[in-house]
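Note sheet for the following structure.
Every number in this text was worked out from the coordinates using simple rules, so none of it is lab data. Being a predicted model, the structure only gives us computed values, none of them experimental. Quick reminder, even Gly has a Cβ in these numbers, built from the backbone with ideal geometry, and neighbours come from all protein chains shown.
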Amino acid sequence: MSLGKTLKTLSDPLRREILELVKKNYRMSAGEIADQLHISPQSLSYHLKLLKESDLLVESKEKNFVYYELNASLFDELILWLKQF
């Protein structure tokens, strides 16, 4: 994990909203996320790419669907890092 990259990814309000939505629903498909946030699939795809590259989200494939979930272990690492301050 690159802490700088992770924090930069978290700096965007829409990406934080995506993370909150996925956390609330445990796991979601891209279509479900786009519908809930009223954004285009292209825009969502860009944000999901950044969230996955920063290891904030993990994806799993089930039949013809891709589902996104929070990477809990990364959030645990972030909390541990922040607690030192």
- Item | Cα-projected label distance for Lys63 with Glu77, points at 7 Å along beta-carbon direction, nm | 3.4 nm
- Task: Loop only per DSSP, at most 16 neighbouring Cβ atoms within 10 Å: give me the trypsin sites (Lys or Arg not before Pro) in segment 27-63, ordered by residue number.
- Result: Lys63
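If the chain were replaced by its equivalent ellipsoid, with semi-axes equal to the square roots of 5 times the Cα gyration tensor eigenvalues, what would those be, largest first, whole Å?
Working from the Cα gyration tensor, I get semi-axes of 23, 14, 11 Å.
Applying 1/(1 + (r/R0)^6) with R0 = 25 Å to the Cβ-Cβ distance of Tyr26 and Phe85, what FRET efficiency is obtained, to the nearest 0.05? Display every interim value, and only then the final one.
On the way: r = 30 Å, r/R0 = 1.21.
Computed FRET efficiency for Tyr26 and Phe85 comes out at 0.25.
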